[in-house]
Every structure is written in structure tokens, then in C-alpha cells.
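The values are calculated or read from the model by the stated rules, or taken from the named source; none is laboratory data. Fair warning: this is a prediction, and the values are worked out from it, not measured in the lab. Please note: Cβ atoms are built from the backbone with ideal geometry, for glycine as well, and neighbour counts cover all protein chains shown.
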Amino acid sequence: MAKQTLSVELISIPDDIIRTIYTACKTCYSAKLPYENYLNAPDNEKMLSLIEKVISSGHYSTIEHIQLTFAIQNVSRACTHQLVRHRHMSFSQKSQRYVREKGEFDYIVPKSIEKNPELNKKFTDFMTKTSELYQEFIDNGILAEDARAILPNAAASSLTASLNLRELIHLANLRLCTRAQYEIRCLVKAMVDEVIKKEPWLKPYLVPKCERLGYCDEDKTCGRTKTKAEFLGNVCCAN
Ligand SMILES: Cc1cc2nc3c(=O)[nH]c(=O)nc-3n(C[C@H](O)[C@H](O)[C@H](O)COP(=O)(O)OP(=O)(O)OC[C@H]3O[C@@H](n4cnc5c(N)ncnc54)[C@H](O)[C@@H]3O)c2cc1C
């Protein structure tokens with residue numbers, strides 16, 4: 001049995017993101033044909049100036065043309081369960097039916113448990129017992145698809161996940177928020193860091209939602225920005 005650590009690789013990203021989004025934007029506002037706009041694209045600075053205006057005006061279909069794929073390794077099933085709630089993403093996940101855990105299964109230890117030696121020991125002992133029980137079921141002819149019923153939320157999983165740039169921004173806005181669970185926050189941070197390494201101009205968009213809204217719309221705020229009420233000055237729209 002082995003404790004595992006998250007790793008994320010960006011395995012596919014288009015070569016010319018800025019020019020593709022620029023072409024999509026110009027298609028909407030220019031009398032020229034899309035390919036003419038593509039061939040006559042100006043320098044990056046001019047393209048980005050138009051792109052930034054279009055994105056800030058909420059014209060998000062223009063960034064849906066950019067598709068990204070990540071190899072996500074060693075996240076808990078608890079974390080993947082949250083990730084797959086994002087309906088505009090595509091997933092291929094390691095199967096607990098076809099891949100039988102061999103003797104020891106890999107698992108993820110939540111940071112808060114790892115920091116507490118006594119509870120960490122209890123957690124590890126529980127994983128060991130669960131692993132032995134899983135193996136007993138397999139040895140007695142129970143199919144992996146049924147034996148997996150006893151595997152915990154901590155069981156490690158891996159995915160290939162794809163999404164377009166609009167959905168990545170949405171994912172970052174929701175899951176980089178401190179209200180999101182720690183593991184998915186780390187996962188999404190690793191995803192956006194990979195993208196920002198290649199496309200630094202995207203940094204201002206790949207942030208928690210409060211940074212884009214200018215306020216926090218959560219009930220329990222972390223205090224990083226003003227609450228919505230403070231931001232709006234408690235003004236009631238009905239008056
Ligand atoms: C801090 C936090 C706590 C959460 N707690 C819970 C919880 O306790 N229980 C729980 O069940 N879930 C919980 N969730 C999950 C949450 O409810 C969403 O399912 C998840 O965040 C996906 O968000 P989404 O629907 O905006 O995104 P996506 O599925 O990625 O969709 C992106 C956007 O597309 C649009 N869209 C997609 N599908 C539809 C549709 N069918 N109809 C109309 N518009 C659509 C919406 O505008 C949506 O925002 C939590 C999420 C967070 C971030």
C-alpha cells in the first residue's frame with residue numbers, strides 16, 4: 001500500500017491560442033472573412049487588446065475554441081467525484097472494475113490528517129485493514145467491480161481530462177476559492193499553473209471568482225475581498 005502524491009501534466013494545448021481566439025473575435029466584428037483575419041492578424045499586443053475587451057464584455061464563446069488536455073495522476077476518488085461534476089469537461093478515469101488493486105491499493109492522505117501524527121497512524125492502519133479485506137474478497141472470487149465497494153474515498157485515481165478555455169476559467173473561479181475543498185484546490189492550481197507557464201496572459205482570468213467579481217459572494221467569506229453587501233454598499237435594487 002502506498003501513499004501517493006498529486007501530479008498534473010498539460011499534455012495537449014493548441015500552438016497558436018492568441019491567433020485562434022483573435023480570429024474568432026474578428027469573425028464577429030469584421031466585414032472580412034475569418035481566414036483573411038487569420039492571415040492578416042496583427043502582433044500579439046494588438047490581438048490581446050481585442051481579446052481582453054471581448055472576454056471582459058462576457059463574449060465567452062470566442063474562447064471555447066481552445067481545447068486543453070491534462071494527465072491528472074494520484075488524486076483521491078473524493079476529489080475526482082467533485083471534478084466530474086463539471087459538465088463541460090471530458091474524462092477518462094482509471095477503472096476500479098478493470099484494474100484490480102494488487103494486494104495494496106494506493107491512497108491519498110488529506111493534509112489535515114497528515115499533520116496529526118496520532119490520527120495519521122489510525123488512518124494508515126485503517127487503509128491497511130481495508131486493503132487486506134479487499135484482497136480477501138478478491139481471493140474468494142468476488143469481482144473487482146463488487147470488491148471495490150469497500151474501497152474508501154481516499155483511494156487514489158488518475159484521469160485524462162479535457163476542457164475548453166471557457167470551462168477552465170469557470171473551474172478556476174470556483175475551485176481556487178478557499179471555500180473549495182483543499183485537494184481539488186491543489187489540483188486546479190496545478191492545472192492553471194501548467195497553462196500559465198505556456199500562456200502567461202491568462203493569469204488574470206485563472207483566479208478565484210472574488211478576484212474577477214471584485215467581491216465575495218459566499219455566505220462564509222475568507223475575508224480576502226469585500227463581501228457582496230459591503231461591495232454594493234447595502235444598496236437595495238428595489239428602491
Ligand atoms: C465550494 C463548493 C461547494 C459545493 N458543495 C456542493 C454540495 O454540497 N453538494 C453538491 O451537490 N454539489 C456541491 N458543489 C458542486 C456544485 O454545485 C456544482 O455542481 C459544481 O461546482 C459544478 O459547477 P457548475 O454547475 O457551475 O459547472 P459546470 O458543470 O462546469 O457548468 C458550467 C456552467 O455551464 C452552465 N450549465 C451547465 N449545465 C447546465 C444546465 N444543465 N443547465 C443550465 N446551465 C448549465 C452553468 O452556467 C454552469 O455554471 C460544490 C461546489 C463548490 C465549488
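Restricting attention to region 144-164, the residues that are assigned to a strand (DSSP E or B) and either among the aliphatic types (A, V, I, L, M) or not assigned by TED's automatic domain parsing to the domain that holds F105 (or both) total 5.
Yes or no: T221 more than 15 Å from the ligand (Cβ to nearest atom), over 18 Å from the mean Cα position of the chain (by Cα) and surrounded by 17 or more Cβ atoms within 10 Å (Cβ to Cβ)? Walk me through it before giving the result.
Working: more than 15 Å from the ligand (Cβ to nearest atom): no; over 18 Å from the mean Cα position of the chain (by Cα): yes; surrounded by 17 or more Cβ atoms within 10 Å (Cβ to Cβ): yes.
For T221, the condition - more than 15 Å from the ligand (Cβ to nearest atom), over 18 Å from the mean Cα position of the chain (by Cα) and surrounded by 17 or more Cβ atoms within 10 Å (Cβ to Cβ) - is not met.
Give region 77-109 a look and list any residue that's within 16 Å of the ligand (Cβ to nearest atom) and among the hydroxyl-bearing types (S, T, Y), or say none. T80, S90, listed by residue number.
Is there a residue being at negative phi, in contact with a Lys or Arg (Cβ under 6 Å, 6 or more places away or on another chain) and assigned to a helix (DSSP H, G or I) anywhere in region 37-59? Let's see the steps before the verdict.
From region 37-59, those at negative phi are 37-57, 59; that's our starting set.
Keeping just the survivors that are in contact with a Lys or Arg (Cβ under 6 Å, 6 or more places away or on another chain) gives 37, 41.
Those still in the list that are assigned to a helix (DSSP H, G or I) too: 37.
Yes, some residue in region 37-59 is at negative phi, in contact with a Lys or Arg (Cβ under 6 Å, 6 or more places away or on another chain) and assigned to a helix (DSSP H, G or I).
A single member of L202, L174, L187 is away from the ligand (no atom under 15 Å from the Cβ) and of a type outside the set (D, E, K, R), and it is L202.
Considered as a group, the residues in region 125-156 that are surrounded by 14 or more Cβ atoms within 10 Å (Cβ to Cβ) and over 31 Å from the mean Cα position of the chain (by Cα) include one that is farthest from A2 (Cα to Cα), and that residue is I142. One residue stands out among those in region 83-111 that are of a type in the set (F, W, Y) and surrounded by 13 or more Cβ atoms within 10 Å (Cβ to Cβ): the one that is farthest from A2 (Cα to Cα), which is F91. Pairs meeting the criteria (first residue in region 68-89 and on the phi < 0 side of the Ramachandran plot and in the same structural domain as S158 (by TED's automatic domain parsing), second residue assigned to a strand (DSSP E or B) and near the ligand (Cβ under 9 Å from one of its atoms), beta carbons under 8 Å, at least 6 apart or on different chains) are L68/L163; H86/L163; H88/L163; M89/L163.
Among the numbered conditions (1) within 16 Å of the ligand (Cβ to nearest atom); (2) surrounded by fewer than 16 Cβ atoms within 10 Å (Cβ to Cβ); (3) of a type in the set (A, V, I, L, M, F, W, C), the only one that I63 does not meet is (2).
If I filter region 167-180 for residues that are of a type in the set (V, I, T) and surrounded by fewer than 18 Cβ atoms within 10 Å (Cβ to Cβ), do I get at least one hit? Scanning region 167-180 turns up at least one residue that is of a type in the set (V, I, T) and surrounded by fewer than 18 Cβ atoms within 10 Å (Cβ to Cβ).
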